Amino acid sequence: MSLFGIVLGIAFFVITQAQTSGFEAFFIRTILGTNGAIRISDRFQDMHGTVSSISTNGKTRFTFQSREGARYTEGIAHPTLLRKALRRFAQVTGVSEILEGNAILSGSSRSQTIEFQGISLQEHIMVSDIEDQVIRGAIDSFSFDPMGILLGHRIAQRLMIEVGDRVTLKGGTGNIQLRVAGFFETGVSQIDKNRAYIHLANAKAFLGKRFSGSVFQLSISDPDKAPEIASQIQETIGHRVISWQEREKVWLDVFKALRISSALTVSSILLLSGLGIFNVFAIMVIEKNRDIAILRSMGFKPSDASAIFLWQGAIVLVAGVFFGSLIGMLSTYGISNIPLRIRGIFSTDSFVVNWDASHYLWAIMISVIFVSIASWIPARRAARIEPARIIRETL
Amino acid sequence: MIMSNSKFDDQPLLQVKNIHHSFVDGDTVTKVLNGVSLEIRAGETTAIVGPSGCGKSTLLYLLGLLDRPDKGEIYLNGEEVSKTEDHTRTALRNQSIGFVFQFHFLIKELSALENVALPIRKAGFSKMESQEKALEALEKLGLGSKADRFANKLSGGEQQRVAIARAIANSPSLILADEPTGNLDSQNSENVFSLLENLAHRERIGVLFVTHDSGLAQKCSNIVHFRDGLII
């Protein structure tokens, strides 16, 4: 029964971790492929920080405050110089200048407020998955058509627009006529129902911001190191630099809480199994104390007595780990094929799972801890049995 | 008082000098042995007789190195063993001492052969070697044909014979028997005593009986009368 508990505990642990981390990994992939790893936006006005003094107990101490409360101006300054500076960061693999704005998009019969991004396509391909995200039309049509626009597919659905249609972008300095080159789907519904891409030159003209107001989207070789790299860039170039981890902190915290919560819940199965093993072994020590005493009288050492229980624990553990991991693996595979339509913070048509050896290692480690404690305490009791007393009491 | 029928005048196999022992239960200290001294020689049978609770079994467990005396010395084959390290005492129990109890104390989940093989296996022999030796010991006691039977499928007399086979499995120099016939009928008692007596003479083993049975005691080489923790 305890073995069954260990098997189930390990299997459930692996399955739940594969699911929660699977959805998290999928979300991260989606968000990196859409909004990039690092974003450089506004320029700090306060480049040098401030020095202030604090007086306590007659002693004065000076503190330096570099960015706290710093004011900044919208958008990056001197994009060309900034690009040159970014080339010195080996981890940066792509830089895309983006000019963002809001406008009303009108189709033939309906209108909607959208957020548009003016991009230089070749640059933007380097920092996003836009090529793969186009689901209708063609990225080349957008590339070759200076008046082209790429629409989020939910906008196209709502405004009943088809590829090749003409649409009008209203606002900014006036109106601009554009031709729909394609629809894209990022999987993030908030983006798919609000965002459109136009050429950077058109965006600058439309917003009347020929030399200012744009931001940089960066891709880096190791997205996990984005916070450190962002911090280095910020210190170097005097602009506000945000990593994807900082930008998506709310969602990442939600995923983390889910992952830890499921791990704790499932660990309780392992804990209960450990308690089961402890109970069985503790009763065995009581029931078998006479046999242990006789073995001791034959020349078996205290460690031989404890080894009986430690071995049994080890056998339960090894069998539990093997079958638990196997069932966990097969179940994870089975679950990954279950159809599940999700449209929200990301878009998927089946359960997303993450195959990660660390899930198995964590499950095994927790099992090892519980089973070891459950076996070790009775084993220690068995080793402490005084043979003379037990035999005397038995007679 | 020690009555001796001994025909052997060898160096003592076991020598006990001025052993004291007491049990402590909270603040209560109960003195059980008050300066016991005795000798046992190889090839002899010695019976300790006395009323219940006089400390006979306690002495037996001290001699079997299952417990430590408060005071006094125990020499086994000339070596002082009462104050030795646990691992030495454990090795001596395996190599030099065999126990036979009133109840056979066989492990019921194991066959007769496996029960007897346990101390041999512990002595470092392979599984096959230990089974061969165990079978040899069982055959000496006329149980070769019942080697594969589980302990609880044997009669009381047979179980006690298996326990004796287990006690002699590693060819010990000393067998300590605590009421070995106490749970047997007269015929089986006679058989068990004869077996132990023959083993003592044939294999030069010192056998110490703790018994209430005066008839059995009379057949031993030596009789030790015990009362209130003292040899009288």
Residues of the range B:211-223 being under 11 Å from B:THR45 (Cα atoms) and open to solvent by less than 80 Å² (accessible area, probe 1.4 Å), in sequence order, are B:LEU216, B:ALA217, B:CYS220, B:SER221, B:ASN222, B:ILE223
Sole exception among (1) within 14 Å of chain B (Cβ to nearest Cβ); (2) open to solvent by less than 30 Å² (accessible area, probe 1.4 Å) for A:GLY320, by number | (1)
Inside the range A:271-291, the number of residues satisfying the requirement of being facing chain B (nearest Cβ under 10 Å) and either open to solvent by 30 Å² or more (accessible area, probe 1.4 Å) or touching a residue at least 12 places away in the same chain (Cβ under 8 Å) (or both) is 2
Hits in the range A:364-395 - residues which are within 14 Å of another protein chain (Cβ to nearest Cβ) and either in contact with a Cys (Cβ under 7 Å, 6 or more places away or on another chain) or part of a helix (DSSP H, G or I) (or both) | A:ALA383, A:PRO387, A:ALA388, A:ARG389, A:ILE390, A:ILE391, A:ARG392, A:GLU393, A:THR394
Looking at the range A:136-152, which of its residues are farther than 16 Å from A:GLN117 by Cβ and surrounded by 20 or more Cβ atoms within 10 Å (Cβ to Cβ)?
-> A:GLY137
Pair list, Cβ < 7 Å and 6+ apart or interchain, from the range B:61-83 residues that are within 14 Å of chain A (Cβ to nearest Cβ) and under 17 Å from B:PHE209 (Cα atoms) to residues that are part of a loop (DSSP other than H, G, I, E, B) and of a type in the set (D, E, K, R) | B:TYR61/B:ASP67
Could you please give the count of residues in the range B:105-114 that are within 13 Å of chain A (Cβ to nearest Cβ), without any contact (Cβ under 8 Å) to a residue 60 or more places away in the chain and in contact with a helix residue (DSSP H, G or I) (Cβ under 6 Å, 6 or more places away or on another chain)?
-> 3
Pick from the range B:65-82 the residues that are in contact with a strand residue (DSSP E or B) (Cβ under 8 Å, 6 or more places away or on another chain) and among the charged types (D, E, K, R): which of them is most open to solvent (accessible area, probe 1.4 Å)?
-> B:LYS71
Only one of (1) more than 18 Å from B:PRO51 (Cβ to Cβ); (2) modelled with pLDDT under 90 does not apply to B:ILE232, and that is (1)
Kindly indicate the residue of the range A:33-53 that is among the hydrophobic types (A, V, I, L, M, F, W, C) and modelled with pLDDT of 90 or more and also farthest from A:SER336 (Cα to Cα) among those meeting that condition.
-> A:ILE40
Identify, from the list B:ALA151, B:ALA117, the residue that is within 13 Å of another protein chain (Cβ to nearest Cβ), in contact with a helix residue (DSSP H, G or I) (Cβ under 7 Å, 6 or more places away or on another chain), at pLDDT below 90 and crowded, with 18+ Cβ neighbours inside 10 Å.
-> B:ALA151
Conditions (1) open to solvent by 50 Å² or more (accessible area, probe 1.4 Å); (2) more than 10 Å from chain A (Cβ to nearest Cβ); (3) within 29 Å of B:ASP67 (Cα to Cα); (4) at pLDDT 90 or above; number of the one not met by B:LYS122 = (2)
Residue ID - most open to solvent (accessible area, probe 1.4 Å), chosen from residues in the range A:234-270 that are farther than 23 Å from A:PHE23 by Cβ and among the charged types (D, E, K, R) | A:GLU235
Would you mind listing the strands (runs of 3 or more DSSP E) fully within the range A:123-238 where at least 1 residues are among the polar types (S, T, N, Q) and touching a Lys or Arg at 6+ places or on another chain (Cβ under 7 Å)?
-> A:174-184, A:215-220
Within the range A:3-19, identify whether any single residue is open to solvent by 20 Å² or more (accessible area, probe 1.4 Å) and either modelled with pLDDT under 60 or of a type in the set (Gly, Ala, Ser) (or both), and answer yes or no.
-> no
Of (1) open to solvent by less than 30 Å² (accessible area, probe 1.4 Å); (2) assigned to a helix (DSSP H, G or I); (3) within 14 Å of chain B (Cβ to nearest Cβ), A:GLY299 fails just (2)
Might you check whether a residue that is within 13 Å of chain A (Cβ to nearest Cβ), under 16 Å from A:SER297 (Cβ atoms) and either surrounded by fewer than 20 Cβ atoms within 10 Å (Cβ to Cβ) or aliphatic (A, V, I, L, M) (or both) occurs anywhere in the range B:128-144?
-> no
Would you mind stating whether B:LEU92 is more than 12 Å from the chain's Cα centre (by Cα) and crowded, with 23+ Cβ neighbours inside 10 Å?
-> no
Of all residues in the range B:164-179, how many are assigned to a loop (DSSP other than H, G, I, E, B) and either facing chain A (nearest Cβ under 10 Å) or modelled with pLDDT of 90 or more (or both)?
-> 5
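The values are calculated or read from the model by the stated rules, or taken from the named source; none is laboratory data. Remember, it's a predicted structure, so these values are computed and weren't measured experimentally. Backbone-built Cβ (ideal geometry, glycine too); neighbour counts: all protein chains shown. The area values use the complete protein model at the heavy-atom level, side chains included, leaving out ligands, DNA and RNA. Shrake-Rupley method; radii C 1.70, N 1.55, O 1.52, S 1.80 Å.
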